[in-house]
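Reading through the structure tokens given below for one structure.
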Amino acid sequence: MTVLVDIVFWTWEKFPLWFRVRSGMVVGWLLRCVFRFRRDVVEGQVQASFPELDGCERGAMIRDVYRHLGLLLTELFALPTIPRDTLLSLCCFEGLEHLLAALSEGKGAFVLAAHSGNWELGLVASAYQLAGSGNEGHPTHIIVKEIKGRVGNYASRRLREPHGVSLIPRKQALRRIKGALADGAAVGFVLDQNMTSDEGVFVDFFGRPACTMSGLALLSQRYHVPVVPACFRRDPDLRRHHIRFLPPIEWENVGDSLEQSIVHNTQRYTGCLESMIRACPAQWLWIHRRWKTKPAPGSVPVPTPEPASSPDERPEND
């Protein structure tokens with residue numbers, strides 16, 4: 001079965017870019033109109049997150065959500081075998097100096113990201129940039145959730161490892177993260193997935209409590225490692241990708257306990273991600289059940305978020 005996966009990856013990359021883009025648009029239409037893949041999830045979450053939109057505006061956004069999803073899928077099929085120079089020719093970088101400056105401190109760096117734009121393509125393109133910086137470069141690691149099934153795990157590795165990205169399974173993370181930081185690596189955290197109540201803390205996300213991984217805040221505090229936000233988005237031509245790094249989010253102590261500070265900083269990270277998503281909302285992964293875990297009745301309210309804005313954030317169509 002893994003051989004078949006390799007054949008699909010190799011074959012798809014050989015098709016011209018215009019064909020893959022057109023195919024992605026068709027796939028998005030099929031997912032939205034024929035298979036209605038998670039339409040109830042997407043429509044419910046979009047309506048709850050953007051109550052100010054009227055029916056026509058929501059419909060247009062949902063159409064764009066599925067178009068992006070179709071393009072994303074067809075891009076991922078080509079990613080494992082795409083040549084380095086071809087990949088980098090499709091990417092535009094901004095603010096890479098923020099990440100390089102953080103890595104220059106010699107303690108490694110955490111990269112904060114969301115499932116927005118083509119985050120996989122942005123990840124491997126960034127890994128190429130970091131590998132070529134300085135005398136020896138910096139390795140790149142990503143924290144991943146374990147995928148059930150041998151074929152799924154194989155495909156996950158094939159998307160990243162050929163481009164120099166090492167995978168760290170979430171359940172085995174601590175020891176390997178420490179080793180990665182000691183090597184001066186960039187370690188990526190995608191912080192917009194639903195967690196169970198024993199895995200995360202509740203913070204505000206689009207006006208609702210969302211259970212969010214608290215490990216990034218805890219590790220940043222424990223090892224004094226900077227957290228650099230990364231924003232990925234597809235450009236309007238549907239072919240090129242914009243990868244933007246923002247200045248580090250500095251750790252802030254609040255209250256009388258470490259737990260309060262962890263919740264506070266997790267809220268700040270989540271607010272930064274929300275700002276990125278709001279700038280280009282159709283390119284977020286709305287099919288994910290982000291608010292699946294609910295806070296217990298009578299539990300402590302989530303922190304009130306600061307205005308959702310990121311340093312240097314500008315409109316996406318500038």
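Here is the figure for the stretch 233-263: residues that are of a type in the set (A, V, I, L, M, F, W, C), in contact with a His (Cβ under 8 Å, 6 or more places away or on another chain) and not in a loop (DSSP other than H, G, I, E, B) total 1. Residues of the stretch 5-20 that are at pLDDT 90 or above and either of a type in the set (A, V, I, L, M, F, W, C) or over 15 Å from residue 159 (Cα atoms) (or both): 7, 9, 10, 12, 14, 15, 16, 17, 18, 19, 20. Selection within the stretch 239-260: residues that are crowded, with 17+ Cβ neighbours inside 10 Å and among the aliphatic types (A, V, I, L, M). The member of this set that is farthest from the chain's Cα centre (by Cα) is 249. Of the residues that make up the stretch 8-19, is at least one closer than 30 Å to residue 217 by Cβ and either exposed (fewer than 15 other Cβ atoms within 10 Å of the Cβ) or in contact with a helix residue (DSSP H, G or I) (Cβ under 9 Å, 6 or more places away or on another chain) (or both)? No: zero hits. Residues considered: 86, 74. Of these, the only one that is crowded, with 16+ Cβ neighbours inside 10 Å and either more than 23 Å from residue 152 (Cα to Cα) or at pLDDT 95 or above (or both) is 74.
Matching residues to (1) assigned to a strand (DSSP E or B); (2) within 20 Å of the chain's Cα centre (by Cα); (3) among the hydrophobic types (A, V, I, L, M, F, W, C); (4) modelled with pLDDT of 95 or more:
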residue: 201; (1), (2), (3), (4): yes, yes, yes, yes
residue: 204; (1), (2), (3), (4): yes, yes, no, yes
residue: 210; (1), (2), (3), (4): yes, yes, yes, yes
residue: 225; (1), (2), (3), (4): no, yes, yes, yes
residue: 228; (1), (2), (3), (4): yes, yes, yes, yes
residue: 231; (1), (2), (3), (4): yes, yes, yes, yes
residue: 265; (1), (2), (3), (4): no, yes, no, yes
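The values are calculated or read from the model by the stated rules, or taken from the named source; none is laboratory data. Predicted, not measured: the structure shown is a model, and the values here were computed from it. Note: ideal-geometry Cβ built from the backbone for every residue, glycine included; neighbour counts use all protein chains shown.
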